[in-house]
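> One structure is given below, represented as structure tokens, and several questions about it will come after.
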Amino acid sequence: MAYLKKSPWLLHYDASSCNGCDIEVLACLTPLYDVERFGIINTGNPKHADVFVITGGINEMNRQVVKNIYAQIPDPKVVVAVGVCATSGGVFRECYNIAGGVDQVIPVDVYVPGCAARPESIIDGIVTALGILEEKRTKMKEQEGSA
Amino acid sequence: MSKEIVIPFGPQHPVLPEPIHLDLVIEDEKVKEALPSIGYVHRGLETLVEKREFPEYVYIAERICGICSFIHGATYCQAVETLMNVEVPERALYLRTIWSEYSRLHSHLLWLGLFADGMGFENLFMDAWRLREHVLDDLEATTGGRVIQGSCKVGGVRRDIDAAKLDEMSNGLDGFRGELADLVDVFLNDSSVRSRLKNVGVLSKHDAYADGAVGPVLRASGVASDARMLGYAAYGNLHFKPVVEEGCDCYARCAVRAKEMYASIDLIKEAVQKIPDGPIEVKVTGKPDGEYFARAEQPRGEVVHYVKGNGTRHLARHRVRTPTITNVPPMVKMLAGCELADVPVIVLSIDPCIGCCER
Ligand code: SF4
């Protein structure tokens, strides 16, 4: 992926993380890492978002919230699960209120490792996701063309 | 005749990095009542004591929250050590104090940034987080982790900091103090910030005390209460005075946190001067039995870790009372009668940490 055609906006939601990964996601947006230079903006509105960045595992209370947010993001969209909690439940896997990783309820495109995930790996994960987003967009266009 | 309507706030909301849900009962533009509901990040990690042995559980205790991580780990260790009569070496206590104060610096800068973002001052948010990276650099250089440090263990600490690095950190803080002063100046003296925060979310001294507020929320309402006055870890040997403000509003809460950062810098510099040589850990043998409450001061207020042992390698119970949960009733009081547009600022002014609060 040599360049970006569009400015991808991301939506961040904390499912049941310990905050460690959340603040690292926010750190990516601030001057040291500054992903805004790539046109990436953190939005609060799912209807504006292309990339859904989610931290923490799924519990009974947020199951529906995560599904709702996912459903509100327009296609094409990609999901990035940040941290081992979002990947598999992580250290909290055996807790009674954790059903597991985010892929229990919505499809995940990129898994970012780490506990806490480092900003470098988060950026790497998001850049990978942007490639997938581009593929999805092309595929959608083809389908529209053939319909 | 105006009509009551209910506006949902959260769990997914632009000013909240973490999910909490409030039902705001509104009449005209005024909030009549705020009804909080929680549970979105509840994991149930306290029950993990049954699955992890007590020395391993430090990792779980640290992950109660990624912002106050180090102090959670240290307080848990403090509780278990007292229970088992472990004599922790002085040097380890000093190192814990230094890391705790670095955590406070990073947490307060993080909060100042989010708070600026909450009142719509984007530039200030970025500046606070830029400064915060200096603190994280030192934490990472000495512990290996930026937000989750993992350097505390039952019986001491895992890593030492050599004298050269300690000096470097202490000297680095001088320059840092200058940059911090520029930042704090905007928070305390900028006219738009002042008019956004003054007389917003007032919590009287009586209400703060009666409703059990802790930490900066309590101190901003004029009560000098800070768990560091208990003198745990190395605080007893350092000159510590709590920061108190009388304003009772959002501005006062902002001022308390801003001034506490200077206090933290002073504490770190004093600790670096006084730190004794010696071992950094002792071997812990035996199994915890009995119960104990350990108290410590988190950036958000007093935290209580309760541990109960039953003579096995697994604790019978671990319970945490975090500062945010005790600050929710005072917050509900601040919200009653406020303008709808002030809700984000007031909610943020207690520095809510939902991750801790729900565990
Ligand atoms: S992966 Fe680790 S740091 Fe990230 S949310 Fe989970 S416990 Fe916290």
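The values are calculated or read from the model by the stated rules, or taken from the named source; none is laboratory data. Note that the structure is predicted; figures quoted are calculated from it, not measured. Reconstructed Cβ throughout: ideal geometry from the backbone, glycine too, with neighbour counts over all protein chains shown. All accessible areas refer to the heavy atoms of the entire protein, side chains included, with ligands and DNA or RNA removed. Shrake-Rupley method; radii C 1.70, N 1.55, O 1.52, S 1.80 Å.
> Identify the chymotrypsin sites (Phe, Trp or Tyr not before Pro) of segment A:19-99 meeting these criteria: DSSP loop state and at most 15 other C-beta atoms within 10 Å of the C-beta. Mind showing how you got there, number by number?
On the way: sites: A:Y33, A:F38, A:F52, A:Y70, A:F92, A:Y96; in loops: A:Y33, A:Y96.
Sites meeting the loop and neighbour criteria: A:Y96.
> About the Cα centre of the protein assembly as shown, how large is the charge dipole given +1 on each Lys and Arg Cβ and -1 on each Asp and Glu Cβ? Please answer in debye to the nearest 20.
Numbers: 54 positive and 68 negative charges, 184 e Å.
Value, rounded to 20: 880 debye.
> Let me ask you something else. Using a 1.4 Å probe and counting only protein heavy atoms, arrange B:D23, B:D266 so the residue with the most accessible area comes first. If you can, show how the numbers build up before the last one.
Numbers: B:D23 50, B:D266 80 Å².
The ranking, largest first, comes out as B:D266, B:D23.
> Averaged across the residues of A:7-20, what count of C-beta atoms belonging to other chains lies within 10 Å of each residue's C-beta?
Partner Cβ neighbours, averaged per residue: 6.
> I've got another one for you. Within 10 Å of each Cβ of B:37-50, how many other protein chain Cβ atoms are there on average?
Other-chain Cβ atoms within 10 Å of each residue's Cβ, averaged: 6.
> Something else: How about B:K287: which lysines have a C-alpha closer than 28 Å to its C-alpha, ignoring those fewer than 8 places off in the same chain?
B:K51, B:K153, B:K308
> Now, a different point. Taking segment B:287-359, which GluC sites (Glu not before Pro) meet the DSSP loop condition and have no more than 13 other C-beta atoms within 10 Å? Mind showing how you got there, number by number?
Working: sites: B:E291, B:E297, B:E302, B:E339, B:E358; in loops: none.
Qualifying residues, ordered by number: none.
> Any idea of the accessible area per residue across segment B:207-359, 1.4 Å probe, to the nearest Å²?
Per residue, segment B:207-359 has an accessible area of 36 Å².
> Towards the positive end of the charge dipole of the protein assembly as shown, with charges on Cβ (+1 Lys, Arg; -1 Asp, Glu), say which of B:G236, B:Y94, B:H42 has the farthest Cα.
Checking the options against the dipole of the protein assembly as shown, the answer is B:H42.
> At 1.4 Å probe size, put B:H106, B:H206 in order of accessible surface, largest to smallest. Before the final figure, lay out each step's value.
Numbers: B:H106 0, B:H206 135 Å².
Heavy-atom accessible area, descending, gives B:H206, B:H106.
> Moving to a separate point now. Averaged over its residues, how many other protein chain Cβ atoms are within 10 Å of peptide A:87-97's Cβ atoms?
On the way: counts 0, 0, 1, 2, 8, 7, 2, 7, 10, 6, 9.
Averaged over the peptide's residues, the number is 5.
> While we're on this one: Quick check for me: using +1 on Lys/Arg Cβ and -1 on Asp/Glu Cβ, what's the dipole size of chain A about its Cα centre, in debye to the nearest 20?
It works out to roughly 320 debye.
> Just the accessible area per residue of segment A:4-146, please: how many Å² with a 1.4 Å probe?
41
> With r defined as the distance between the Cβ atoms of B:K205 and A:L4 and R0 fixed at 41 Å, what FRET efficiency is calculated, to the nearest 0.05?
0.15
> Which value in deg cm²/dmol, rounded to the nearest 500, describes the helix-derived mean residue ellipticity at 222 nm for chain B, given -39,500 (n - 2.57) per DSSP H run of n ≥ 4 and division by the residue count?
Taken over chain B, the calculation gives -15000 deg cm²/dmol.
> Return a whole-number percent for the relative contact order of segment B:1-140, with Cα pairs under 8 Å and 6 or more residues apart as the contact set.
Values: 137 pairs, mean separation 18.2, N = 140.
Once divided by the residue count of segment B:1-140, the mean separation gives 13 percent.
> Over segment B:215-334, what is the relative contact order in percent, taking alpha-carbon pairs closer than 8 angstrom and at least six residues apart?
Here the relative contact order equals 22 percent.
> Please give every one of the lysines within straight-line cross-link reach of B:K165, meaning a C-alpha to C-alpha distance under 18 Å, and leave out same-chain neighbours fewer than 8 residues apart.
Output for B:K165: B:K269, B:K274.
> Of the accessible area of the protein assembly as shown, with the probe set at 1.4 angstrom, what percent is carbon plus sulfur?
51
> Let me ask another. Could you tell me which of rounded, prolate or oblate describes chain B, using a ≥ b ≥ c as the square roots of the eigenvalues of the alpha-carbon gyration tensor, with rounded for a/c under 1.5 and, failing that, prolate when a/b is larger than b/c and oblate otherwise?
It comes out oblate by the Cα gyration axes.
> Against the longest principal axis of chain A, how steep is helix A:20-29, in degrees 0 to 90 to the nearest 10, with axes from Cα atoms?
That helix lies at roughly 30 degrees to the long axis.
> Calculate how steeply helix B:122-143 sits against the longest principal axis of the alpha-carbon atoms of chain B, using the helix alpha-carbon long axis, and give the answer as 0 to 90 degrees to the nearest 10.
That works out to roughly 10 degrees.
> Using Cα centres only, tell me the gap between segment A:37-94 and segment B:290-359 in whole Å.
Taking the Cα centre of each part, segment A:37-94 and segment B:290-359 sit 26 Å apart.
> Around B:T143, with a cut-off of 13 angstrom between Cβ atoms, what is the net charge of the other residues, counting Lys and Arg +1 and Asp and Glu -1?
Charge balance near B:T143 sits at +1.
> Now a separate question. Extending each Cα 7 Å along its Cβ direction at B:D174 and A:A71, get the distance between those two points in nm, one decimal.
Result for the modelled spin labels: 6.1 nm.
> So, one more: Over segment B:1-87, with the other protein chains present, what is the accessible area per residue in square angstrom, probe 1.4 angstrom?
Heavy-atom SASA per residue in segment B:1-87 reads 40 Å².
> Still on this model: Given a 1.4 Å probe and heavy atoms of the protein chains only, how would you sort A:Y111, B:Y251, largest accessible area at the top?
A:Y111, B:Y251
> I'd like the orientation of helix B:69-83 relative to chain B: the angle between its Cα long axis and the longest Cα principal axis, in ° from 0 to 90, rounded to 10.
In chain B, helix B:69-83 runs at an angle near 50 degrees to the longest axis.
> In debye, nearest 20, what is the charge dipole magnitude of chain B about its Cα centre with +1 on Lys and Arg Cβ and -1 on Asp and Glu Cβ, if you could check?
Roughly 980 debye for chain B.
> What residues have an amide H closer than 5 Å to that of B:G301, excluding those fewer than 5 places away on the same chain, when H is modeled at 1.01 Å from N in the peptide plane?
Answer set, sorted by chain and number: none.
> Between chains B and A, what is the buried accessible area summed over both chains (1.4 Å probe, protein heavy atoms, nearest 100 Å²)?
Numbers: alone 14580 and 7970 Å², together 19380 Å².
Approximately 3200 Å², summed over both chains.
> Right, another one. For A:K6, which lysines qualify as cross-link partners when the Cα separation must be under 19 Å and same-chain residues fewer than eight apart are set aside?
Cross-link targets: A:K47, A:K77, A:K136, A:K139, A:K141.
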